[in-house]
Amino acid sequence: MLTQNTKYSLKLALLSLGLFMFFRLVTLFIAFKDPLSLPVAEVLQAFFIGLRYDINVLMYVLVPVIVAAHVPWFGAEDSKLTRRTISTIMVIVLSLCSFSLLLDVENMRTMGTRFYIADLSYLNDLQDSFEVMVSGFNLPLYVFMWLLITGALAWLVHRATRAVTERKSSPSVPAKVLGPLVLILIILAAGLYGFTTLRWGNAYFSRHQKLNELALNGPYVLYYSYCHIKKQQTQGVNALGKGSREQGIHKVRELTASKAFGFLDNGDSIVRELSGDTSFKPYNIVVIIMESFSANYIGALGASRSLTPDFDRLAEGGLLFTNFYANGTRTNMGLPALLMSYPDYLPGESFMRSIAYRHKQFSSIADMLKDKGYETYYVTGGRIGFDNQEGFMRKHGFDRLVGFTDFNIFTESEKKGLTWTVPDEVIFDHAHKTFTEYARNGRRFLGVVLTLSNHSPFMLPEHYTESAPDIPKEQLAFMYSDWALGRFMEKAGNSEYFRNTVFVITADTGLPDDFLEPEVYRRFHIPLLIYAPGLVSPGRSAVLGSQLDLMPTLMELIGVKAPFEGFGKSLISETDTRFLISKDRLTFHIIRDGLYIKTDFMNDTPRVFPLGNDAAGPVSTDSSLVKRILNDSRIFVRTSIELLKDKN
């Protein structure tokens, strides 16, 4: 017969597990597009694996609680103070867990992954973060739900506590000892895996990426992502394996070598410049970085249902790279890659935002063109200070910076609820006006346009939303950005600067989706269209490339002969090796030699799949090819971080 102490402990354990399972069920129906179409067996397996993670997290609270409840003379049956202390601790712990799990529901819906510790770095931009949460995440509703859940938890814990009465007779020794001992052993056995703590890789059982994330536990991901980042920050590049600086530079030179560019020393750096006697072509350059413009919704890139009729039409007149990928999942990872050919593989905060790397002077396309007399202009619909864009872009050659508060419609937009960004059509109009002025004054220019309407909370102008009230706002925002792009290109086509301008249309990141695990790399698939009638012939190229390759491509295209320290290579020149290394939080995604590899380079076994064959199972990690790719990629990543320390 169980004692009151054991029954009390068991009730608290079941209540805690029920909370996690409840949120997992809510996440399933909110974050998945069509949860009823998922294989039932795999959904059940996700919940079973999730139970293991839940117990793994809760055992650090439940085991001490069980012990405290059974302390002789001071246990739950013996002491009112003990009962109150245990109930208070449980309510606080479960309330914090419920807050974390609420964040998970929204993050799983929008990003396809659990909330992890580096997401908290955006609290530095408090005003923008708050406005996004209020407008996009319905912050008041989430706060109300959290308080409601906390109240319900407090009531349930209070009921369980009140059921414990003062002991009138002493139970038998077996009842006092065996009950809590068995309960503790069950929790430890279920919460540990092979007598070691569960790793995130234990959750990867399904080809459905989101189901693997569903199996994980929110507080578990928060804690272990924190530990992972701290380990990398503490150990530095040694966390990615040991190796000399010379070895790293040699490997990067080997991987980035091409016929179009030559290195400027005998092996001490990765600085290159365009080879031969190349004539400079004084074209203007306009780089349009479309927010979250994922290839999965672009007809010209094979989407089954295109949301981009204007881009599809433009693609017919330009050079479209169909195998082009983002190097990360954040704008602050895409901007340095696109404009400076430098990847951000840092753990935690990006180097755009970090004060620790403020000394690093990156090789920027803006600085190179400024040296040739170009005007440099950068415009975005959001606040120019967000993500430290203003300081970072100004430091790297952009003289004119335009953001949210610089537009004349500021007051009007606030009245309409557009408090976080102005519509894409407005920033395109500003860019068109600026480029026209430059042309009239005989000035060459580099213009970078970063759109934002296709970002949660998807703030769109009324004239567009009223025309399509039944379309989901995420799809409508994608369509609106495409429409605004087409409208701008139509205006540009009739302008005096059009004939002498190279237009580049790409994206900062892709979008998450319900991908099978062998095709998660599609999360990074984005467009690259170079549109310059008279200079670039229309066509399609299947060359594998990433954002790192844009700057060298433009340098070769118009003949910019200037030294630069970069990690990409031109997409229009010959080279021996093409590869991709993209980073999503703690995981690196590698494409090379017909393989797709997922790894964290640290603790867990890499996952390897044949590229483009989503029906195939994992490939063995023991092959010499896989080992070589992993070793090269690890050195490439480590060297990019190591060179951040250079002051130049």
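The values are calculated or read from the model by the stated rules, or taken from the named source; none is laboratory data. The structure presented is a predicted model; accordingly, all values stated were derived computationally and were not measured. Note: ideal-geometry Cβ built from the backbone for every residue, glycine included; neighbour counts use all protein chains shown. Areas reflect the complete protein model, heavy atoms only, side chains present, ligands, DNA and RNA absent. Shrake-Rupley method; radii C 1.70, N 1.55, O 1.52, S 1.80 Å.
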Number of the condition not met by R628 [criteria: (1) assigned to a loop (DSSP other than H, G, I, E, B); (2) among the basic types (K, R); (3) open to solvent by 60 Å² or more (accessible area, probe 1.4 Å)]:
(1)
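Is it the case that L123 is surrounded by fewer than 16 Cβ atoms within 10 Å (Cβ to Cβ), on the phi < 0 side of the Ramachandran plot and at pLDDT 80 or above? First the steps, then the outcome.
Working: surrounded by fewer than 16 Cβ atoms within 10 Å (Cβ to Cβ): yes; on the phi < 0 side of the Ramachandran plot: yes; at pLDDT 80 or above: no.
Against the criterion (surrounded by fewer than 16 Cβ atoms within 10 Å (Cβ to Cβ), on the phi < 0 side of the Ramachandran plot and at pLDDT 80 or above), L123 does not qualify.
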Within the range 554-565, residues being crowded, with 24+ Cβ neighbours inside 10 Å and either part of a loop (DSSP other than H, G, I, E, B) or under 25 Å from the mean Cα position of the chain (by Cα) (or both) number 0
From S453, S467, residue being modelled with pLDDT under 95, under 24 Å from I384 (Cβ atoms) and among the small types (G, A, S):
S453
Take the range 270-316 and flag every residue that is farther than 24 Å from V448 by Cα, of a type in the set (G, A, S), open to solvent by less than 40 Å² (accessible area, probe 1.4 Å) and part of a loop (DSSP other than H, G, I, E, B).
A303
Odd one out for D277, checked against (1) modelled with pLDDT of 95 or more; (2) farther than 27 Å from E375 by Cβ:
(1)
Among the residues that make up the range 135-147, is at least one of them at pLDDT 55 or above, open to solvent by 80 Å² or more (accessible area, probe 1.4 Å), over 36 Å from the mean Cα position of the chain (by Cα) and of a type outside the set (D, E)?
no
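Return yes when G612 is at positive phi and assigned to a loop (DSSP other than H, G, I, E, B) and no when it is not.
Working: at positive phi: yes; assigned to a loop (DSSP other than H, G, I, E, B): yes.
Spelling it out, G612 is indeed at positive phi and assigned to a loop (DSSP other than H, G, I, E, B).
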Candidate set from the range 253-310 (those that are touching a helix residue (DSSP H, G or I) at 6+ places or on another chain (Cβ under 6 Å) and small (G, A, S)); member that is nearest to I635 (Cα to Cα):
A260
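Condition check ((1) hydroxyl-bearing (S, T, Y); (2) touching a strand residue (DSSP E or B) at 6+ places or on another chain (Cβ under 8 Å); (3) under 26 Å from P347 (Cα atoms)) across all residues:
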{"site": "G486", "(1), (2), (3)": "no, no, no"}
{"site": "Y497", "(1), (2), (3)": "yes, yes, no"}
{"site": "L528", "(1), (2), (3)": "no, yes, no"}
{"site": "K569", "(1), (2), (3)": "no, yes, yes"}
Does P533 fit the bill of being of a type outside the set (S, T, Y), over 24 Å from the mean Cα position of the chain (by Cα) and modelled with pLDDT of 95 or more?
no
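Can you say whether F609 is open to solvent by less than 10 Å² (accessible area, probe 1.4 Å) and of a type in the set (A, V, I, L, M, F, W, C), as far as the supplied structure shows? Spell out how you get there, then give the answer.
Values: open to solvent by less than 10 Å² (accessible area, probe 1.4 Å): yes; of a type in the set (A, V, I, L, M, F, W, C): yes.
Answer is yes for this residue.
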Within the range 567-586, residues open to solvent by less than 20 Å² (accessible area, probe 1.4 Å) and either within 12 Å of L255 (Cβ to Cβ) or without any contact (Cβ under 8 Å) to a residue 24 or more places away in the chain (or both) come out as F567, G568, K569, L580, I581
Could you count how many residues in the range 237-269 are touching a residue at least 40 places away in the same chain (Cβ under 8 Å), surrounded by 15 or more Cβ atoms within 10 Å (Cβ to Cβ) and closer than 16 Å to M555 by Cβ?
5
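Identify, from the list V608, V626, the residue that is at pLDDT below 95, closer than 24 Å to G510 by Cα and β-branched (V, I, T). I'd like the intermediate steps shown before the answer.
Details: V626 fails: closer than 24 Å to G510 by Cα.
One residue alone meets the criteria, V608.
When the residues of the range 21-40 are filtered to those that are of a type in the set (V, I, T) and at pLDDT 90 or above, which remaining residue is nearest to Y220 (Cα to Cα)?
The initial filter retains those residues of the range 21-40 that are of a type in the set (V, I, T), namely 26-27, 30, 40.
Okay, now just the ones that are also at pLDDT 90 or above, so 26-27, 40.
Values: V26: 18, T27: 16, V40: 25 Å.
My answer is T27.
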Could you grab me the full set of residues in the range 230-250 that are modelled with pLDDT under 90, part of a helix (DSSP H, G or I), closer than 23 Å to I629 by Cβ and of a type in the set (G, A, S)?
A239
I want to confirm something. Restricting to the range 49-98 and keeping residues that are modelled with pLDDT under 75 and among the acidic types (D, E), which single residue is surrounded by the fewest Cβ atoms within 10 Å (Cβ to Cβ)?
D78
Right, S467: out of contact with any Cys (no Cβ under 6 Å at 6 or more places or on another chain), over 28 Å from N494 (Cβ atoms) and either assigned to a loop (DSSP other than H, G, I, E, B) or among the β-branched types (V, I, T) (or both) or not?
no
Identify, from the list S350, S341, the residue that is polar (S, T, N, Q), at pLDDT below 90 and open to solvent by less than 20 Å² (accessible area, probe 1.4 Å).
S350
Restricting the range 365-413 to residues that are part of a helix (DSSP H, G or I) and of a type in the set (D, E), the one most open to solvent (accessible area, probe 1.4 Å) turns out to be E412
Count of residues meeting criterion [open to solvent by less than 40 Å² (accessible area, probe 1.4 Å) and in a loop (DSSP other than H, G, I, E, B)] in the range 530-551:
3
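Determine whether L580 is aliphatic (A, V, I, L, M), more than 25 Å from D265 (Cβ to Cβ) and more than 19 Å from the chain's Cα centre (by Cα). Reasoning before the result, please.
On the way: aliphatic (A, V, I, L, M): yes; more than 25 Å from D265 (Cβ to Cβ): yes; more than 19 Å from the chain's Cα centre (by Cα): no.
For L580, the condition - aliphatic (A, V, I, L, M), more than 25 Å from D265 (Cβ to Cβ) and more than 19 Å from the chain's Cα centre (by Cα) - is not met.
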Give the residues of the range 62-102 that are within 30 Å of S206 (Cβ to Cβ) and in contact with a Leu (Cβ under 9 Å, 6 or more places away or on another chain), sorted by residue number.
L62, V93, L94, C97, S98, S100, L101
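Could you tell me which of the residues D513, D600, D584 is on the phi < 0 side of the Ramachandran plot, among the acidic types (D, E) and out of contact with any Lys or Arg (no Cβ under 9 Å at 6 or more places or on another chain)?
On inspection, the qualifying residue turns out to be D600.
Residue by residue, here is whether (1) part of a helix (DSSP H, G or I); (2) within 15 Å of the chain's Cα centre (by Cα); (3) more than 24 Å from A562 (Cα to Cα) holds:
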| residue | (1), (2), (3) |
| --- | --- |
| N332 | yes, yes, yes |
| L335 | yes, yes, no |
| L339 | yes, no, no |
| Y342 | no, no, no |
| Y345 | no, yes, yes |
| E349 | no, yes, yes |
| K360 | no, no, no |
| S363 | no, no, no |
If we keep only residues of the range 251-269 that are farther than 17 Å from D646 by Cβ and assigned to a strand (DSSP E or B), then the residue nearest to the chain's Cα centre (by Cα) is F261
Residue satisfying all of: in the range 428-462; over 30 Å from E474 (Cα atoms) and in contact with a Leu (Cβ under 9 Å, 6 or more places away or on another chain); most open to solvent (accessible area, probe 1.4 Å) among these
R444
